[in-house]
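Visitor: Got a structure for you, questions after.
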Amino acid sequence: MSDDFFAPPPFKPDEALQRLQRELRALGLTEREGRFERRGQPIARVALDGAELKAARVRQPARTPQWQERVIKDSAALRDFVAELKRELARWGDRDE
């Protein structure tokens, strides 16, 4: 039996970008000038760079953010990025209220 049977589908960065943008909007973030913001503060940014999907999130909300960047190369990394951002948004929301 071939190992290809269990291989995941190929990663398509353009489709992943659209999916990630939808998920970020579903988290309540507003897209503006290539960034996703909450209450006017940048939270995340995503962009295609050739055949790669580059994503970044802030360490914490601030007017001058410090970005934590990563390259997303598969669907698992995409899910991890969204899950991590969701946890941070919840933590930041609890702190702000």
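Visitor: Out of everything in segment 48-59 that is at pLDDT 90 or above and exposed (fewer than 13 other Cβ atoms within 10 Å of the Cβ), what residue ends up being nearest to residue 14 (Cα to Cα)?
Guide: 48
Visitor: List, please: which pairs have Cβ atoms under 6 Å, are six or more places apart or on different chains, and start with a residue in segment 20-43 that is free of Cβ contacts under 8 Å to residues at least 40 places away in the same chain and end with one that is outside any loop (DSSP other than H, G, I, E, B) and of a type in the set (Gly, Ala, Ser)?
Guide: If the second residue must be outside any loop (DSSP other than H, G, I, E, B) and of a type in the set (Gly, Ala, Ser), the pairs left are 36/44.
Visitor: Might you let me know whether segment 14-33 holds any residue that is at pLDDT 90 or above, surrounded by 16 or more Cβ atoms within 10 Å (Cβ to Cβ), assigned to a helix (DSSP H, G or I) and out of contact with any Leu (no Cβ under 9 Å at 6 or more places or on another chain)?
Guide: Looking for residues that are at pLDDT 90 or above, surrounded by 16 or more Cβ atoms within 10 Å (Cβ to Cβ), assigned to a helix (DSSP H, G or I) and out of contact with any Leu (no Cβ under 9 Å at 6 or more places or on another chain), one finds none in segment 14-33, hence no.
The values are calculated or read from the model by the stated rules, or taken from the named source; none is laboratory data. Quick caveat: nothing in here was measured; it's all calculated off a predicted structure. Here the Cβ is made from the backbone with ideal geometry for all residues, glycine too, and neighbour counts use every protein chain on show.
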